[in-house]
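The values are calculated or read from the model by the stated rules, or taken from the named source; none is laboratory data. Computed from a predicted model, the values in this text were never measured in an experiment. Methodologically, a virtual Cβ is constructed for each residue, glycine included, from the backbone with ideal geometry; neighbour enumeration extends over all protein chains shown. Please note that ligands, DNA and RNA were not included when accessible areas were found on the heavy atoms of the full protein model with its side chains. Shrake-Rupley method; radii C 1.70, N 1.55, O 1.52, S 1.80 Å.
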Amino acid sequence: MTPEEEKKAQEEAAAQAAKEVNTPADEGNNAGGEGSDNGNGGDGGMITPRDENGAPVTEPMPRDVFYERIRTNVPDGKFDEDEQEYFRHALSMLDQAEEGSKKYKGMTEKMMRRYQEDPEEVAILLDYMEGMPLLAAIRKHKGEEALTIKEGDEGWEEYQKAGEARKANRERYEQMMSEVEANLPATADLFTSWSENNKLDDEQKNVIWQMMQADLDNMSRGKFTEEMFERYLKAMNYQSDVEGAHEQGKAEGKNEAIEAEQKRMKGSGLPGMNAGSVQEKEQSEKTETNGTTDFLKGIHRR
């Protein structure tokens, strides 16, 4: 096909495509490029988007699209109660996206450095990520010799250290699991007796046990929450709180005794039967029974 024939064929294809786009429903709106409805008259023949039934297609507003995407990603959000929830979750999603972007960028930079040093290693990783077994990917790009290593080869020291570290970690894990299995029976018996002493029913015991299990699970993953901090803070201050409540109870009991004394003596005809006199009476009783105070007073009189 000559250049002229190719150009002519392209023009004919473009004309046919334009004819198919300008359906009869659109021709009434676009004829002559003027006088059309929907505010398109005189706009140079712009085509109004229409659905399969010929009705004009209304493009959703960006605000509605934004809200819908937030609702889709956070289905349990309370958006009807507070419209600002949309923006709070949007900011949270942006933070996550930025954090992911930084990690991805850092990983990409590391991959590029490794690729420059040894392209085959990156090829192994890419095949592995696509689903190829790791050993197969290594053999594919490095050969069978890459699956064995001996003293004197490159990376021998790292190979030895990795093996020793793995062995130590495995032994530590097995020892820990042995201790757990050995301690579990005694722990279960202790929890049962403690629950009985505190008169806990099965539901209460289950709640406490599940709470402890959740804490242990989170701690083993390095995850801590404010709820955990508050719980341990209360445990730390438990004794002082109990003592404070005890002292408060004693003070309240003393005040009740004073009020009762006032009521009892009210109307007796004796002067000065008020709170102050009762407190003075109580203080004088304490002073009379204090031998050290009496001894010092005697010295003073001499």
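Inside the stretch 87-142, can you point out the residues that are open to solvent by 90 Å² or more (accessible area, probe 1.4 Å) and either polar (S, T, N, Q) or in contact with a Leu (Cβ under 7 Å, 6 or more places away or on another chain) (or both)? Across the stretch 87-142, the qualifying residues are Gln96, Gln116, Tyr128, Leu135, Arg139. Looking across the stretch 75-86, the residues that are open to solvent by less than 100 Å² (accessible area, probe 1.4 Å), charged (D, E, K, R) and assigned to a loop (DSSP other than H, G, I, E, B) come down to Asp82, Glu83. Quick one: would you say Glu144 is acidic (Asp, Glu) and under 28 Å from Ser220 (Cα atoms)? Against the criterion (acidic (Asp, Glu) and under 28 Å from Ser220 (Cα atoms)), Glu144 does not qualify.
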